[in-house]
Amino acid sequence: MTPSSNRPTYYEELRQKGYSRRDFMKFCTTIAAYMGLQASGAAQVAEALKSNSRVPVIWMHFQECTCCSESFIRSSHPIVADVILDKISLDYTETLMAASGHQAEAAMRKTMEEFPGEYVLCVEGSVPVYEDGVYCCIGGRSAVDILQETAAGAKAIIGWGSCACNGCVQAAKPNPTGATPIHKLVKGKPIIKVPGCPPIGEVMAGVLVHLVTFGRIPELDRIGRPKAFYSKRVHDTCYRRPFYDAGLFVESFDDENAQKGYCLYKVGCRGPMTYNACGVTKWNNGTSFPIQSGHGCIGCSEENFWDNGPFYRRITNFPGFGIESNADKIGAAGAGITVAGIAAHAIGTNLRKKKLIDGLIAEGKESDQALS
């Protein structure tokens, strides 16, 4: 997207807000790292933000608690909230924009009319469909109607948080309002899911910056999440993982093992089956994440996580983990694997020695035959 007379570039907005070029480059480097780009990625981000006009954004709030916006404005770099989100709010976001009522609706309609096929639609919250959508209405219109209208002219749609991506607690059984995630109501549009309750602010910023930098949606996993942020399990990057591998677990939240920081798997942690960047990026300026705060992962970035069983009941078996499939046996299994490894090494060594000896014997026989 090229600059236009009535829409300044992101870099121009930054300078007007008083940020230095050094601040700008630090932001670009930080976001590029979060996006998993190579060293040259920071230069790509910088060039895009210097050259491209601000992408028009409509940010809708439906059936949710606004925790996604709260997470976003508490991201680690001030530019994320102070510039990106601030400038987004000039288009439309019910939570942060100064306008209200008819003025707010006029701002949304103006964006839709002036930038058809160019604006990005961000949706925070699920959409209730029972009783003609009466459970969530804005300005006398149902969330279903508003979603369909705003999605029609959108370049891409981003579902912020688990409410928009999988329905979250509103869609938990028996789901009395018919809470429905966005991808089940909108067809024919690129949809990026950014689940979490809430998602991480830097992840949200990274998705928006990717759209600006490359002009396309990021690479997604099989259920529509950006691979840059959802390709690894929380378990893989958890600082408690060594305790898991060693078979050292918290048995109850108030026991001695909890004070020692042992693995929380036995008290219900879903880290081994949850894909997210929690252990790497964390929340609130990189301060912490649930496991670091002493609470197990509840799997909030996975589909139907509210109905996947009690949060404080461990999952005794899960696929694809070999000896890690059962935490009760992991210590013994680990010891067994160690013994088996030693035995295998010994057997392999003996076989190699036997082969060498057999070779020497054969060479000796050939020498004897040649001499005779």
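Descriptive notes on the structure:
- With a Förster radius of 41 Å applied to the beta-carbon distance between THR316 and ILE138, the computed FRET efficiency rounds to 0.40.
- Taken over the stretch 157-244, lysine pairs spaced eight or more positions apart, or on distinct chains, with alpha carbons under 20 Å apart number 5.
- Protection proxy ranking of 135-145, 48-58 - average other beta-carbon atoms within 10 Å, highest first: 48-58, 135-145
- Förster radius 22 Å - calculated FRET efficiency between LEU220 and MET25 (Cβ-Cβ, nearest 0.05): 0.15
- Applying 0.36 nm per residue to the separation of ASP236 and GLU105 and subtracting their alpha-carbon distance, the gain on full extension is 42.7 nm.
Values in this text are rule-based calculations from the coordinates and carry no lab data. Computed from a predicted model, the values in this text were never measured in an experiment. Every residue, glycine among them, receives a Cβ derived from its backbone with ideal geometry; neighbour counts consider all protein chains shown.
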